[in-house]
Amino acid sequence: MSLKGRDVITIRDLSRDEIDETLAAARRLIPYAEGSKSSRILDGKILTLAFFEASTRTRLSFETAMQRLGGRCVTIAEAGASSMRKGESLHDTIKMLSQYGDAIVLRHPNEGAARLAAMVSDRPVINAGDGAGQHPTQTLLDLATIQEAFGTLSGLNVVLLGDLRYGRTVHSLARALAVYGNEIVLMSPPGLHLPDEVREQVDQLGAKVREEDQMHKAVREADVLYVTRIQKERFADEAEYAQVAGSYRVDNATLMGAKPRLIVMHPLPRTGEIAPEVDSTPHAAYFRQAFLAVPVRMALLSLVLTGKVP
Ligand code: NCD
């Protein structure tokens, strides 16, 4: 396989073998992400980070990954800080950026923006979240977290809890879980169901998928409880948001009766969906998940920029 020079816009852009290869490389890169081993495989490479939406983990873990491997980054971290403010189109902005660095990581509020960017760019484009669309690199680190906890990516019961309508992380993850053969249990507040096209893709892959509304039943059967935030910024109408805000919360009482090996995941930021008391239980996997962003993005960047890993 070669990911060299490739765009990563949705998780469908990677075959199962390519995902496996990236995750295997990420496992080997953990000591590099921790700083106990070092490599300069990306020496001389420049990554352009174009973030037109808020981000902490995604942007900083890409930057950390790049710098840990000897590469450098140039960054637009705010919509108002680039010439898009002066009216420059996304098309022209991306065309420009692709003249500078070796690859572009784009986060944008519009669904489809990353695909458009990939069509325009002379360099590989990695989608770091396009509106309520997709977030494929988050899926890679989600899979890395599951694999580390269970030693497998298949045959698990995974509950997706929260805003499944606007949450781009679950759109990408649901497909990957289906590819690997897992049981997917969907739990969302009214009106925030998984979009039909995502559901259809998952069904077509032959995955066992069902909706559930009993939290205790879902938790009892789960191997993974993947919690997401309600994506407030995607609601057209405040009143609609107010109806669902705070409608679910995972705390230690929720987890009573869970399997000992259950892991609770969250792409973060959390805004009340997981009580802080859960952090000190063996179920909490979300900070490990956030750490694994670094070796996973190191692996992906090495493969896309050089075709190799250290
Ligand atoms: C997520 C995102 O931006 O989609 N965050 C992340 O990348 N870790 C989830 C969210 O914002 O709720």
Scan region 58-83 and report the pairs whose first residue is part of a strand (DSSP E or B) and whose second residue is open to solvent by less than 50 Å² (accessible area, probe 1.4 Å) and not small (Gly, Ala, Ser), with Cβ atoms within less than 6 Å and a gap of 6+ or a chain change. CYS73/LEU47; CYS73/LEU49; CYS73/GLU63; CYS73/MET66; VAL74/THR48; THR75/LEU49
Selection status of PRO269, modelled with pLDDT of 95 or more, open to solvent by 30 Å² or more (accessible area, probe 1.4 Å) and within 15 Å of the ligand (Cβ to nearest atom): yes
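Do any helices (runs of 4 or more DSSP H) lying entirely in region 110-222 carry at least 3 residues that are open to solvent by less than 30 Å² (accessible area, probe 1.4 Å), and which ones are they? Can you show your working first?
Working: elements: 113-120, 136-150, 168-179, 196-204, 215-221.
In region 110-222, the matching helices (runs of 4 or more DSSP H) lie at 113-120, 136-150, 168-179.
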Exactly one of GLU233, GLU240, GLU277 is in a helix (DSSP H, G or I), within 14 Å of the ligand (Cβ to nearest atom) and open to solvent by 60 Å² or more (accessible area, probe 1.4 Å), and that one is GLU233
Please count how many residues of region 280-302 are hydrophobic (A, V, I, L, M, F, W, C) and either surrounded by fewer than 24 Cβ atoms within 10 Å (Cβ to Cβ) or part of a loop (DSSP other than H, G, I, E, B) (or both). 5
Criterion (at pLDDT 95 or above and within 16 Å of the ligand (Cβ to nearest atom)) met by exactly one of ILE9, ILE46, ILE30, ILE19: ILE9
Go through region 193-240 residue by residue and tally those that are closer than 18 Å to MET265 by Cβ and among the aromatic types (Phe, Trp, Tyr). 1
Restricting the search to region 177-193, which residues are aliphatic (A, V, I, L, M) and within 15 Å of the ligand (Cβ to nearest atom)? LEU192
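Consider region 286-310. How many of its residues are within 14 Å of the ligand (Cβ to nearest atom) and hydrophobic (A, V, I, L, M, F, W, C)? Explain how you work it out, then say what you get.
First, pick out the residues of region 286-310 that are within 14 Å of the ligand (Cβ to nearest atom): 286-294, 296-297.
Right, trim to hydrophobic (A, V, I, L, M, F, W, C) and you get 287, 290-294, 296.
Here the count works out to 7.
Quick grid of which residues meet (1) out of contact with any strand residue (DSSP E or B) (no Cβ under 6 Å at 6 or more places or on another chain); (2) among the small types (Gly, Ala, Ser); (3) within 16 Å of the ligand (Cβ to nearest atom):
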{"site": "VAL105", "(1), (2), (3)": "no, no, yes"}
{"site": "VAL120", "(1), (2), (3)": "yes, no, no"}
{"site": "ASP130", "(1), (2), (3)": "no, no, yes"}
{"site": "LEU141", "(1), (2), (3)": "yes, no, yes"}
{"site": "VAL159", "(1), (2), (3)": "no, no, no"}
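Looking only at region 64-107, which residues are among the charged types (D, E, K, R), more than 18 Å from ASP7 (Cα to Cα) and crowded, with 19+ Cβ neighbours inside 10 Å? Break it down into steps so the answer makes sense when it comes.
Filtering region 64-107 for residues among the charged types (D, E, K, R) gives 68, 72, 78, 85-86, 88, 92, 95, 102, 107.
Right, trim to more than 18 Å from ASP7 (Cα to Cα) and you get 68, 72, 78, 85-86, 88, 92.
If the condition is that a residue be among the charged types (D, E, K, R), more than 18 Å from ASP7 (Cα to Cα) and crowded, with 19+ Cβ neighbours inside 10 Å, then ARG68 is the only one that fits.
The values are calculated or read from the model by the stated rules, or taken from the named source; none is laboratory data. The shown structure was predicted, so the numbers you read here are calculated from the model rather than taken from an experiment. Cβ: placed from backbone, ideal geometry, glycine included. Neighbour counts: every protein chain shown. Ligands, DNA and RNA are excluded from the accessible area calculation, which covers all protein heavy atoms including side chains. Shrake-Rupley method; radii C 1.70, N 1.55, O 1.52, S 1.80 Å.
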